[in-house]
Amino acid sequence: MIPWHQVGSTSLGGNVVLTLWRRDLDGKPPEFSLRITEPGRAMTELMNSRQNSSERLLAERAVTALGRPLRTVLIGGLGMGFTLRAALDLLEAGARVTVAELLADVVSWNREHMGGLAGEPLQDPRVSVHVGDVGELLGGKRRYDLVLLDTDNGPEGTSRDENEALYSAAGLQRAHAALEPGGVLAVWSAFPSSEFTRRLQRAGFDTKVTQARAFGKRGARHVIWLARRAS
(Lines give C-alpha, C1' and ligand atoms only; values in the text may rest on other atoms or scores of the structure.)
Protein backbone atom coordinates (compact mmCIF):
# COMPACT_ATOMS: atom_id res chain seq x y z
CA MET A 1 0.00 0.00 0.00
CA ILE A 2 1.38 3.40 -0.97
CA PRO A 3 1.99 5.44 2.19
CA TRP A 4 0.60 8.90 2.92
CA HIS A 5 2.81 11.75 4.10
CA GLN A 6 1.56 14.80 6.00
CA VAL A 7 2.67 18.02 4.29
CA GLY A 8 0.80 20.65 6.30
CA SER A 9 -1.44 21.36 9.27
CA THR A 10 -3.43 24.32 10.59
CA SER A 11 -5.66 24.95 13.59
CA LEU A 12 -9.41 25.37 13.27
CA GLY A 13 -9.68 26.40 16.91
CA GLY A 14 -10.76 24.38 19.92
CA ASN A 15 -8.03 21.76 19.40
CA VAL A 16 -9.49 20.89 15.98
CA VAL A 17 -6.75 20.51 13.36
CA LEU A 18 -6.94 20.44 9.56
CA THR A 19 -4.13 18.50 7.90
CA LEU A 20 -2.99 18.07 4.30
CA TRP A 21 -1.70 14.66 3.20
CA ARG A 22 -0.05 13.51 -0.02
CA ARG A 23 0.91 10.23 -1.58
CA ASP A 24 2.75 9.70 -4.87
CA LEU A 25 1.24 7.17 -7.26
CA ASP A 26 3.33 5.39 -9.89
CA GLY A 27 2.78 7.02 -13.28
CA LYS A 28 -0.09 9.17 -12.02
CA PRO A 29 -0.50 12.64 -10.51
CA PRO A 30 -0.08 12.75 -6.72
CA GLU A 31 -3.16 12.24 -4.58
CA PHE A 32 -4.02 14.74 -1.83
CA SER A 33 -6.31 14.45 1.17
CA LEU A 34 -7.64 17.10 3.56
CA ARG A 35 -8.45 15.64 6.98
CA ILE A 36 -9.83 16.88 10.29
CA THR A 37 -8.69 15.70 13.70
CA GLU A 38 -10.84 16.43 16.76
CA PRO A 39 -10.15 15.49 20.39
CA GLY A 40 -11.57 12.07 21.20
CA ARG A 41 -12.52 11.29 17.59
CA ALA A 42 -10.90 9.41 14.75
CA MET A 43 -9.37 11.40 11.93
CA THR A 44 -11.97 12.25 9.26
CA GLU A 45 -11.30 12.89 5.58
CA LEU A 46 -12.89 16.13 4.46
CA MET A 47 -11.83 16.04 0.82
CA ASN A 48 -9.84 13.83 -1.54
CA SER A 49 -8.37 15.00 -4.85
CA ARG A 50 -9.57 11.86 -6.67
CA GLN A 51 -13.20 12.58 -5.78
CA ASN A 52 -13.98 15.98 -7.23
CA SER A 53 -16.88 15.44 -9.63
CA SER A 54 -19.55 16.95 -7.40
CA GLU A 55 -17.43 20.03 -6.64
CA ARG A 56 -17.07 20.67 -10.36
CA LEU A 57 -20.77 20.07 -10.92
CA LEU A 58 -21.57 22.71 -8.30
CA ALA A 59 -20.18 25.39 -10.61
CA GLU A 60 -21.35 23.84 -13.86
CA ARG A 61 -24.96 23.44 -12.76
CA ALA A 62 -25.08 26.89 -11.21
CA VAL A 63 -23.79 28.63 -14.34
CA THR A 64 -26.27 26.68 -16.45
CA ALA A 65 -29.12 27.54 -14.09
CA LEU A 66 -28.31 31.25 -14.26
CA GLY A 67 -28.79 31.23 -18.03
CA ARG A 68 -27.07 34.54 -18.73
CA PRO A 69 -23.51 35.92 -18.94
CA LEU A 70 -21.89 36.29 -15.54
CA ARG A 71 -19.96 39.37 -14.48
CA THR A 72 -19.40 38.75 -10.78
CA VAL A 73 -19.01 35.45 -8.93
CA LEU A 74 -18.35 34.78 -5.26
CA ILE A 75 -17.07 31.38 -4.14
CA GLY A 76 -17.11 30.53 -0.46
CA GLY A 77 -14.42 27.92 0.22
CA LEU A 78 -11.33 27.22 -1.90
CA GLY A 79 -10.73 23.60 -0.95
CA MET A 80 -8.55 22.02 -3.62
CA GLY A 81 -9.65 24.48 -6.29
CA PHE A 82 -11.93 22.23 -8.34
CA THR A 83 -15.06 24.39 -7.99
CA LEU A 84 -13.04 27.48 -8.90
CA ARG A 85 -11.56 25.76 -11.95
CA ALA A 86 -14.95 24.61 -13.21
CA ALA A 87 -16.32 28.14 -12.86
CA LEU A 88 -13.35 29.69 -14.68
CA ASP A 89 -13.73 27.27 -17.58
CA LEU A 90 -17.27 28.55 -18.16
CA LEU A 91 -16.76 32.28 -17.59
CA GLU A 92 -15.90 34.95 -20.12
CA ALA A 93 -12.69 36.95 -20.08
CA GLY A 94 -14.33 39.96 -18.44
CA ALA A 95 -15.80 38.08 -15.49
CA ARG A 96 -14.47 38.58 -11.98
CA VAL A 97 -14.32 35.82 -9.37
CA THR A 98 -13.73 36.38 -5.67
CA VAL A 99 -12.76 33.34 -3.60
CA ALA A 100 -13.27 33.65 0.14
CA GLU A 101 -11.16 31.16 2.08
CA LEU A 102 -11.15 31.35 5.85
CA LEU A 103 -7.74 29.71 6.30
CA ALA A 104 -4.62 31.37 4.93
CA ASP A 105 -2.83 28.00 5.06
CA VAL A 106 -5.34 26.47 2.64
CA VAL A 107 -4.55 29.26 0.16
CA SER A 108 -0.83 28.61 0.65
CA TRP A 109 -1.30 24.86 0.17
CA ASN A 110 -3.03 25.53 -3.13
CA ARG A 111 -0.20 27.71 -4.33
CA GLU A 112 2.60 25.46 -3.06
CA HIS A 113 1.26 21.92 -3.34
CA MET A 114 -2.13 21.45 -4.99
CA GLY A 115 -2.29 24.08 -7.74
CA GLY A 116 -1.57 21.58 -10.49
CA LEU A 117 -4.62 19.50 -9.58
CA ALA A 118 -6.98 22.06 -11.10
CA GLY A 119 -4.73 23.85 -13.57
CA GLU A 120 -3.40 26.56 -11.22
CA PRO A 121 -6.71 28.44 -10.84
CA LEU A 122 -5.29 31.04 -8.43
CA GLN A 123 -2.98 32.25 -11.20
CA ASP A 124 -5.94 33.27 -13.38
CA PRO A 125 -6.09 37.10 -13.64
CA ARG A 126 -9.88 37.00 -13.16
CA VAL A 127 -9.45 35.65 -9.62
CA SER A 128 -8.98 37.57 -6.38
CA VAL A 129 -8.64 35.90 -2.97
CA HIS A 130 -10.22 37.12 0.25
CA VAL A 131 -8.68 35.43 3.29
CA GLY A 132 -11.59 35.52 5.70
CA ASP A 133 -15.21 34.52 6.21
CA VAL A 134 -17.37 34.55 3.08
CA GLY A 135 -20.15 35.89 5.30
CA GLU A 136 -18.23 39.15 5.55
CA LEU A 137 -18.55 39.64 1.80
CA LEU A 138 -22.19 38.61 1.72
CA GLY A 139 -22.88 41.37 4.20
CA GLY A 140 -21.15 44.04 2.11
CA LYS A 141 -22.40 46.38 -0.59
CA ARG A 142 -21.21 44.40 -3.60
CA ARG A 143 -23.75 42.36 -5.57
CA TYR A 144 -23.10 39.07 -7.37
CA ASP A 145 -24.66 37.19 -10.28
CA LEU A 146 -23.65 33.90 -8.68
CA VAL A 147 -22.67 32.77 -5.18
CA LEU A 148 -21.22 29.28 -4.71
CA LEU A 149 -20.90 27.90 -1.18
CA ASP A 150 -18.51 24.96 -0.85
CA THR A 151 -17.53 25.19 2.82
CA ASP A 152 -17.00 22.31 5.23
CA ASN A 153 -19.33 19.42 4.40
CA GLY A 154 -22.39 21.62 3.89
CA PRO A 155 -25.18 22.88 6.15
CA GLU A 156 -25.20 19.75 8.32
CA GLY A 157 -21.43 19.21 8.38
CA THR A 158 -19.70 22.36 9.56
CA SER A 159 -16.30 21.96 11.19
CA ARG A 160 -16.62 25.24 13.13
CA ASP A 161 -19.64 26.44 15.09
CA GLU A 162 -19.15 29.90 13.58
CA ASN A 163 -19.75 28.49 10.08
CA GLU A 164 -23.30 27.47 10.96
CA ALA A 165 -24.33 31.15 10.71
CA LEU A 166 -23.70 30.98 6.97
CA TYR A 167 -26.53 28.48 6.56
CA SER A 168 -28.88 30.00 9.13
CA ALA A 169 -32.03 31.95 8.28
CA ALA A 170 -30.14 35.22 8.81
CA GLY A 171 -27.22 34.01 6.70
CA LEU A 172 -29.47 33.05 3.82
CA GLN A 173 -31.19 36.42 3.98
CA ARG A 174 -27.77 38.07 3.60
CA ALA A 175 -27.03 35.82 0.64
CA HIS A 176 -30.37 36.74 -0.94
CA ALA A 177 -29.62 40.44 -0.53
CA ALA A 178 -26.12 39.97 -2.00
CA LEU A 179 -27.46 38.56 -5.28
CA GLU A 180 -28.53 40.52 -8.33
CA PRO A 181 -32.19 39.96 -9.31
CA GLY A 182 -32.37 36.53 -10.93
CA GLY A 183 -29.02 35.59 -9.39
CA VAL A 184 -28.30 32.09 -8.12
CA LEU A 185 -27.03 30.76 -4.80
CA ALA A 186 -25.58 27.25 -5.20
CA VAL A 187 -24.71 25.18 -2.12
CA TRP A 188 -22.70 21.93 -1.99
CA SER A 189 -23.21 19.37 0.77
CA ALA A 190 -22.12 15.87 1.63
CA PHE A 191 -25.50 15.29 3.28
CA PRO A 192 -29.15 15.96 2.37
CA SER A 193 -31.20 18.32 4.54
CA SER A 194 -34.91 18.89 4.06
CA GLU A 195 -34.76 21.56 6.77
CA PHE A 196 -32.16 23.52 4.80
CA THR A 197 -34.38 23.31 1.71
CA ARG A 198 -37.26 24.81 3.67
CA ARG A 199 -34.94 27.47 5.07
CA LEU A 200 -33.94 28.50 1.54
CA GLN A 201 -37.57 28.74 0.52
CA ARG A 202 -38.45 30.84 3.55
CA ALA A 203 -35.58 33.19 2.67
CA GLY A 204 -37.26 33.92 -0.67
CA PHE A 205 -35.41 31.54 -3.00
CA ASP A 206 -36.90 29.43 -5.78
CA THR A 207 -35.11 26.21 -4.86
CA LYS A 208 -34.12 23.05 -6.71
CA VAL A 209 -32.35 20.11 -5.04
CA THR A 210 -30.06 17.94 -7.18
CA GLN A 211 -27.69 15.05 -6.51
CA ALA A 212 -24.17 14.45 -7.77
CA ARG A 213 -21.74 11.55 -7.43
CA ALA A 214 -18.39 12.18 -5.78
CA PHE A 215 -16.43 10.21 -8.37
CA GLY A 216 -17.89 10.30 -11.89
CA LYS A 217 -20.88 7.96 -11.85
CA ARG A 218 -19.68 6.26 -8.68
CA GLY A 219 -18.96 7.20 -5.11
CA ALA A 220 -21.04 8.90 -2.45
CA ARG A 221 -24.14 10.86 -3.41
CA HIS A 222 -23.67 14.53 -2.63
CA VAL A 223 -26.29 17.27 -2.75
CA ILE A 224 -26.32 20.56 -4.66
CA TRP A 225 -28.97 23.18 -3.97
CA LEU A 226 -29.71 25.67 -6.76
CA ALA A 227 -31.55 28.63 -5.28
CA ARG A 228 -32.61 31.57 -7.45
CA ARG A 229 -33.44 35.05 -6.23
CA ALA A 230 -36.68 35.78 -8.04
CA SER A 231 -36.56 39.56 -7.61
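The values are calculated or read from the model by the stated rules, or taken from the named source; none is laboratory data. Predicted model, so just to flag it, every value in this text is computed and none were measured. Reconstructed Cβ throughout: ideal geometry from the backbone, glycine too, with neighbour counts over all protein chains shown. Note: accessible area is taken over every heavy atom of the protein model, side chains too, but ligands, DNA and RNA are not part of it. Shrake-Rupley method; radii C 1.70, N 1.55, O 1.52, S 1.80 Å.
May I ask you to verify whether residue 162 is surrounded by fewer than 17 Cβ atoms within 10 Å (Cβ to Cβ) and modelled with pLDDT under 85?
Numbers: surrounded by fewer than 17 Cβ atoms within 10 Å (Cβ to Cβ): yes; modelled with pLDDT under 85: yes.
So residue 162 fits the description; yes.
Determine which single condition residue 53 fails, assuming it passes every other condition in (1) in contact with a Lys or Arg (Cβ under 7 Å, 6 or more places away or on another chain); (2) within 21 Å of residue 10 (Cα to Cα); (3) hydroxyl-bearing (Ser, Thr, Tyr).
(2)
Residues to consider are 33, 11, 49; find the one that is farther than 27 Å from residue 185 by Cβ, at pLDDT 90 or above and open to solvent by less than 60 Å² (accessible area, probe 1.4 Å). Write out each step before concluding.
On the way: 11 fails: open to solvent by less than 60 Å² (accessible area, probe 1.4 Å); 49 fails: farther than 27 Å from residue 185 by Cβ.
Only one candidate passes the filter, namely 33.
For the stretch 40-54, which positions are in contact with a strand residue (DSSP E or B) (Cβ under 8 Å, 6 or more places away or on another chain) and farther than 17 Å from residue 222 by Cβ?
43
Please return the ranges of helices (runs of 4 or more DSSP H) entirely within the stretch 46-115 where 2 or more residues are of a type outside the set (D, E, K, R) and closer than 22 Å to residue 212 by Cβ. Walk me through how you get there before you give the answer.
On the way: elements: 53-66, 82-90, 104-109.
It comes to 53-66, 82-90.
Each row is one residue, and each column tells you yes or no for (1) touching a helix residue (DSSP H, G or I) at 6+ places or on another chain (Cβ under 9 Å); (2) among the hydroxyl-bearing types (Ser, Thr, Tyr); (3) more than 19 Å from residue 107 (Cα to Cα); (4) in contact (Cβ under 8 Å) with a residue 60 or more places away in the chain.
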{"residue": "3", "(1), (2), (3), (4)": "no, no, yes, no"}
{"residue": "13", "(1), (2), (3), (4)": "yes, no, no, yes"}
{"residue": "26", "(1), (2), (3), (4)": "no, no, yes, no"}
{"residue": "38", "(1), (2), (3), (4)": "no, no, yes, no"}
{"residue": "50", "(1), (2), (3), (4)": "no, no, yes, yes"}
{"residue": "55", "(1), (2), (3), (4)": "yes, no, no, yes"}
{"residue": "68", "(1), (2), (3), (4)": "no, no, yes, yes"}
{"residue": "73", "(1), (2), (3), (4)": "yes, no, no, yes"}
{"residue": "83", "(1), (2), (3), (4)": "yes, yes, no, yes"}
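When the residues of the stretch 89-145 are narrowed to those that are within 23 Å of residue 174 (Cα to Cα) and charged (D, E, K, R), which ends up surrounded by the most Cβ atoms within 10 Å (Cβ to Cβ)?
Among residues in the stretch 89-145 that are within 23 Å of residue 174 (Cα to Cα) and charged (D, E, K, R), the one surrounded by the most Cβ atoms within 10 Å (Cβ to Cβ) is 101.
Residue 148 fails exactly one of the following numbered conditions: (1) in contact (Cβ under 8 Å) with a residue 12 or more places away in the chain; (2) in a helix (DSSP H, G or I). What is the number of that condition?
Exception for residue 148: condition (2).
Within the stretch 14-30, which residues are open to solvent by 40 Å² or more (accessible area, probe 1.4 Å) and under 24 Å from residue 102 (Cα atoms)?
14, 15, 17, 21, 22
Sort out which residues of the stretch 67-88 are surrounded by fewer than 23 Cβ atoms within 10 Å (Cβ to Cβ) and in contact with a Pro (Cβ under 8 Å, 6 or more places away or on another chain), and write them in order of number.
85, 88
Quick one: residue 42 ticks every box in (1) surrounded by fewer than 17 Cβ atoms within 10 Å (Cβ to Cβ); (2) closer than 24 Å to residue 171 by Cα; (3) of a type in the set (A, V, I, L, M, F, W, C) bar one, so which box is it?
Condition (2) is where residue 42 drops out.
Hydrophobic (A, V, I, L, M, F, W, C) and farther than 18 Å from residue 189 by Cβ: which single residue out of 147, 99, 134 fits that description? First the steps, then the outcome.
Details: 147 fails: farther than 18 Å from residue 189 by Cβ; 134 fails: farther than 18 Å from residue 189 by Cβ.
When all the criteria are applied, what remains is 99.
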